[in-house]
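Report on one structure; see the data block that follows.
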Amino acid sequence: MYDIAVIGAGPAGATLARLIGKKYKVLLLERRELLNPGDSSWEKTCGGLIAPDAQQVLAQLGLGVPGKVLVGPQLFTVRTIDIQNNIERYYQRNYINIVRERFDCWLVSLLPSAVDLRCGALFKRYFIKNNCFNIEYKLKGKEYAEKAKYLVGADGAFSTIRRQIVPAFFQPKYIAVQEWFKTSKTQPYFSAIFDREITDFYSWTIPKEDCILVGTAIPVQGSLNRKYNLFKERLIKRGFELQRSIKKKGAFLQRPQNIKQIFLGNGNITLIGEAAGWISPTSAEGFSYAFHSAVALSQSIEQNPENLIQEYIKKTRRLRLNIIQKNMKLPFMYKQFLRKVVMKSGLLSMDIKK
Ligand SMILES: Cc1cc2nc3c(=O)[nH]c(=O)nc-3n(C[C@H](O)[C@H](O)[C@H](O)COP(=O)(O)OP(=O)(O)OC[C@H]3O[C@@H](n4cnc5c(N)ncnc54)[C@H](O)[C@@H]3O)c2cc1C
């Protein structure tokens, strides 16, 4: 019997397991092959940018990102393109540009040896019997089951655990599509593109060595292919070189535009990271929230395991306030008229010599 079973070894799950793994008997199930990267058919779709908020939590955790995780170019500029208002602005902001799979492999490499990490393990379902969780999963074609006193869902935006607790509720509202293209010219900035014909959220381009990553987050009900193709046409017209596609991936994306969309769990089942809905509603930055929620849950487990969910709710008060603040900022980024006023003013923007 395990003390705690954590499903998902992304930034949230790997961080939680690292923080509690010496004191408790922890099982960590992960469908990706994070110990043998390249062997897995699963891949996390991600822009791979560590934003300043996430850099700050990494610093607080006493961590520095190793060179093998980084990819060039390192980015200091956001190029903001507003299609309907026909305005472009450049803003100074420091990102760490990384290879997402390598980042997750590195986080997993920090786990204490006592953590029982099983990669290639696809969690299927849980049921409760005699006050403990029976956890069923599949590994290399075989079905297995384990028991644990506490269950943590760190299984991302389309969390199987959350869907089992609250079926048909809190489903992600966005699908993100990302495509990689080989390119001969590197654009040394992260572009954020606002175009209401594509999405009420935003689209992006991110350079990765000799490639450019092109992505957009489209509401689930939208006509995905038509909008994605329109988005690419717009980029090609602006001079982006998108002829040599290497790969294309999709993923669900949470966007908590209302604090009620954050769901932390029930009793001895808790959710962290994007499984709980922790992600920025303005930028889809998720690393800082994954780390913060993992830290909050690790402290709750240590300090008040009897009333875990109440303690975790208490410890994430600031994170909820942060989501509320982001939502207050949202109209200035996503209402066409307000965005026009902000961008036209040139406030905090800079000129770029091309
Ligand atoms: C297209 C896109 C681009 C993004 N770009 C950025 C960015 O540049 N910077 C940023 O900060 N955030 C970005 N985000 C958000 C960020 O990726 C997430 O918020 C962050 O990864 C959340 O971490 P997590 O650990 O909660 O979940 P995840 O990283 O999603 O990890 C969940 C883990 O659970 C595993 N898992 C899922 N289901 C099962 C199962 N049934 N059995 C076993 N394992 C399972 C998955 O394989 C995965 O490893 C982006 C998101 C998307 C969709």
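The values are calculated or read from the model by the stated rules, or taken from the named source; none is laboratory data. Because the structure is a prediction, the values reported are computed rather than measured. Note: ideal-geometry Cβ built from the backbone for every residue, glycine included; neighbour counts use all protein chains shown. These area figures cover heavy atoms from the full protein model, side chains too; ligands, DNA and RNA do not enter into them. Shrake-Rupley method; radii C 1.70, N 1.55, O 1.52, S 1.80 Å.
Brief remarks follow.
- Inter-label distance, L139 to T186: 4.1 nm, where each label sits 7 Å from its Cα along the C-beta direction.
- For region 104-115, the Karplus equation 6.51 cos²θ - 1.76 cosθ + 1.60, evaluated at θ = phi - 60°, returns couplings of 5, 5, 5, 4, 5, 5, 8, 5, x, 5, 6, 6 Hz by residue, with Gly and Pro reported as x.
- Once all protein chains are placed together, T80 keeps about 10 Å² accessible to a 1.4 angstrom probe.
- Accessible area per residue in Å² at 1.4 Å probe, computed on the chain: 47
- Karplus (6.51, -1.76, 1.60) ³J(HN,Hα), θ = phi - 60°, over region 209-214, in Hz, Gly and Pro reported as x: 6, 8, 10, 10, 9, 10
- Three-way shape label, region 182-257, alpha-carbon gyration tensor, a/c 1.5: prolate
- With all protein chains in place and a 1.4 Å probe, the accessible surface of region 245-345 carries 54 percent carbon and sulfur.
- Summing charges over all other residues whose Cβ lies under 14 Å from the Cβ of D53, with Lys and Arg as +1 and Asp and Glu as -1, gives +3.
- Each residue of region 142-148 was assigned a 3J(HN,Hα) from its phi angle through the Karplus curve 6.51 cos²θ - 1.76 cosθ + 1.60 (θ = phi - 60°); the sequence is 10, 8, 10, 9, 9, 10, 8 Hz, with glycine and proline shown as x.
- At 1.002 mPa s and 20 °C, Stokes D of the chain from Kirkwood alpha-carbon radius, µm² per second: 102
- Local electrostatic count, P73, Cβ distance below 15 Å [Lys/Arg +1, Asp/Glu -1]: +2
- Solvent-accessible area of region 74-148 (1.4 angstrom probe, protein heavy atoms only): carbon and sulfur portion equals 47 percent.
- Approximate spin-label separation K248-Q336, in nm, with each point projected 7 Å along Cα-to-Cβ: 2.7
- Centre separation in Å (Cα based) which lies between region 188-209 and region 3-46: 30
- Over the chain, relative contact order from alpha-carbon pairs under 8 Å, at least 6 apart, %: 20
- Where chymotrypsin sites (Phe, Trp or Tyr not before Pro) in DSSP loops with at most 13 other Cβ within 10 Å are excluded, longest remaining stretch of the chain: 170-354
- Distance from region 330-344 to region 68-82 (C-alpha centre basis), Å: 23
- DSSP-loop GluC sites (Glu not before Pro) across region 154-233, with at most 12 other Cβ within 10 angstrom: E197
- Cα extents of region 254-354 along the three principal axes, largest first (Å): 56, 28, 18
- Less than 5 angstrom separates the built amide H of R93 from those of T77, V78, all sequence-distant by 5 or more or on a different chain.
- Residues whose placed amide H lies under 5 Å from that of Y202, excluding near-sequence neighbours: A217
- E241-E43 FRET efficiency (beta carbon distance; Förster radius 25 Å; 0.05 resolution): 0.60
- Sequence-separation-based contact order of region 1-93, relative, with Cα cut under 8 Å and 6+ spacing, percent: 16
- Net charge of Cβ neighbours under 15 Å - reference N130; Lys, Arg +1; Asp, Glu -1: +2
- Annotation: extensible slack from N327 through K129 equals 67.2 nm (criterion: 0.36 nm per residue apart, minus Cα-Cα distance).
- Set of region 66-103 residues, backbone N closer than 19 Å to the point 7 Å along the Cα-Cβ line of K344: 80-90
- Backbone amide hydrogens, once placed in the peptide plane, bring C132 within less than 5 Å of nothing, excluding anything fewer than 5 places away on its chain.
- For region 2-342, the share of DSSP beta bridges that are antiparallel, to the nearest 5, is 70%.
- In this label model, N266 and D3 are separated by 2.6 nm, measuring between points 7 Å along each Cα→Cβ vector.
- Full extension of the chain between S109 and F76 yields a length gain of 9.0 nm, computed as 0.36 nm times the residue separation minus the alpha carbon distance.
- Region 197-330: C-alpha gyration tensor shape, a/c 1.5 cut-off, then a/b vs b/c: prolate
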